[in-house]
1. State the extension gain, in nm to one decimal, for the chain segment bounded by Ile174 and Gln101, taking 0.36 nm per residue of separation less the distance between their alpha-carbons.
2. Go through segment 168-225 and name the chymotrypsin sites (Phe, Trp or Tyr not before Pro) that are in a DSSP coil and have 15 or fewer other Cβ atoms within 10 Å of their Cβ.
3. Place the peptides 370-381, 133-144 in order of packing, highest mean first, counting for every residue the other Cβ atoms within 10 Å and averaging per peptide.
4. Mind checking the full-extension length gain between Met1 and Glu354? Use 0.36 nm per residue of separation minus the Cα-Cα distance, one decimal, nm.
5. Cβ under 10 Å from Arg189's Cβ, Arg189 left aside: what net charge do those residues give with Lys, Arg +1 and Asp, Glu -1?
6. Just the Cα atoms of segment 1-119: what Rg and Dmax do they give in Å?
7. Between Leu404 and Met336, 0.36 nm times their residue separation minus their Cα-Cα distance comes to what?
8. What does the charge count around Leu387 come to, taking other residues whose C-beta lies under 12 Å from its C-beta (Lys +1, Arg +1, Asp -1, Glu -1)?
Amino acid sequence: MFNIAVAQSGGPTCAINASLVGVYREALKESSIDAVFGSVNGIEGIIQNHMINLKSMILSNDDMELLRQTPSTVLGSCRYKLPDWEEDEEVYKKIRDTLVQRNIGAFFYIGGNDSMDTVNKLSEYFKTINLDIKVIGIPKTIDNDLCITDHTPGFGSAAKYVATTMKEITRDSIVYSIPSVTIVEIMGRHAGWLTASSAVLHALGETAPHLVYVPEVKFSIEGFVRDVRQELSKHKAVIVAVSEGIEVPEGVQSGEVDNFGHKYLSGIGKYLEETVRKEIGCKVRSIELNVMQRCSSHLGSATDIAEAEMIGAEGVKCALAGVSGKVMVFKRISDMPYTVAVETADASKIANQEKFLPKKYINSAGNNIEAKALDYFLPLIQGELNLVMEHGVPKHFAIHESVLK
Ligand code: F6P
């Protein structure tokens, strides 16, 4: 018998805890697995030997169900970049010591493209030192920018939130007789998937969003002002979806970067709001969806949460079959009826790479989304969670802060 370790890393989503539950539930079924240790704050917890036996945290089936529908990362997260082991082996030795001391036979890392860099590096290192610990990546990110996989857990719920919020913003913005522009800034880094998903409203007969700007298309302020003027000639209230990652003039963003060198992207909506005020002069407002789009489990997609749990469980099965250095991925079999299969891909092919919105999903003017993209998005946002509520708001699984210290 051996133990396994699981950790969560990168930006929060609605589905990361569901993948943790997937790993845990599957492990409970396997007679060769004894304890499941959760690492606090991603790989940092393994480096510091700060881990929790999940049995002491998840006390019942009800706990497991609640955790499955609780957004964010119950074990905390990190944005920690491992050095190359040839350059600095110290940190790898600490990881090895923790895992060996705890008799870990497999390690599951739930994260995005940066976290798959950790999966790749650790699995290579263990191979080099002949240590039999399997390392498996479980994907997640609202950005949906992981290569090879059809989509990532967490994206469907974020897309459902974006589309629903966009619909509500549309209802709100059309009440007055005066012309107006509402600009909605959406996350997703340098990929336009999440922003483009707002176009699912077109499938519901909405004309909004009237303009959609994604980082895959070169952005120009002159083109934007021209587009807005044109839409104002057709619609009283113009709704614009804009990716946080479109190219903006120097100074609009803070310029701060994280450990992976990624810029903190925020502020394009406000900048465009000021541009419309100055250049067009009509009523204008910008809304930054910001972190709300990552943890809105009240609008979670049941499809997304079920898939997140399933891909976590599949990861455990793969590790037990002897697989290492791989990331679990979805392969779409068909849009309608929606069917996916789970496969594996080399972590080296996913680590630090980005998958962009295909050109065929963007209109020729570069300012909206083609109807054919909706067949891709719509299945991912289907189904609602049967949420446990408390005093009228969703109940969340929580562990006491002292447990995480
Ligand atoms: O990668 C997921 C993501 O939510 C991006 O969309 C966003 O740009 C980034 O994380 C924000 O990072 P942080 O949580 O570190 O501020």
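The values are calculated or read from the model by the stated rules, or taken from the named source; none is laboratory data. Treat the numbers as computed from the prediction; the structure is a model and nothing was measured. We place every Cβ from the backbone using ideal geometry, glycine too, and count neighbours over all the protein chains shown. When the accessible area is computed, the model is the full protein with side chains, heavy atoms only, and any ligands, DNA or RNA have been set aside. Shrake-Rupley method; radii C 1.70, N 1.55, O 1.52, S 1.80 Å.
1. Extra length from Ile174 to Gln101 when fully extended: 20.1 nm.
2. Hits after loop and neighbour filter: Tyr176.
3. 133-144, 370-381
4. Stretched out fully, the Met1 to Glu354 stretch lengthens by 123.3 nm.
5. Within the 10 Å Cβ shell, the charges total -3.
6. Every Cα atom of segment 1-119 included, Rg and Dmax give 14.0, 46 Å.
7. Taking 0.36 nm per residue and subtracting the Cα distance, the gain is 20.1 nm.
8. For residues surrounding Leu387, the net value is -1.
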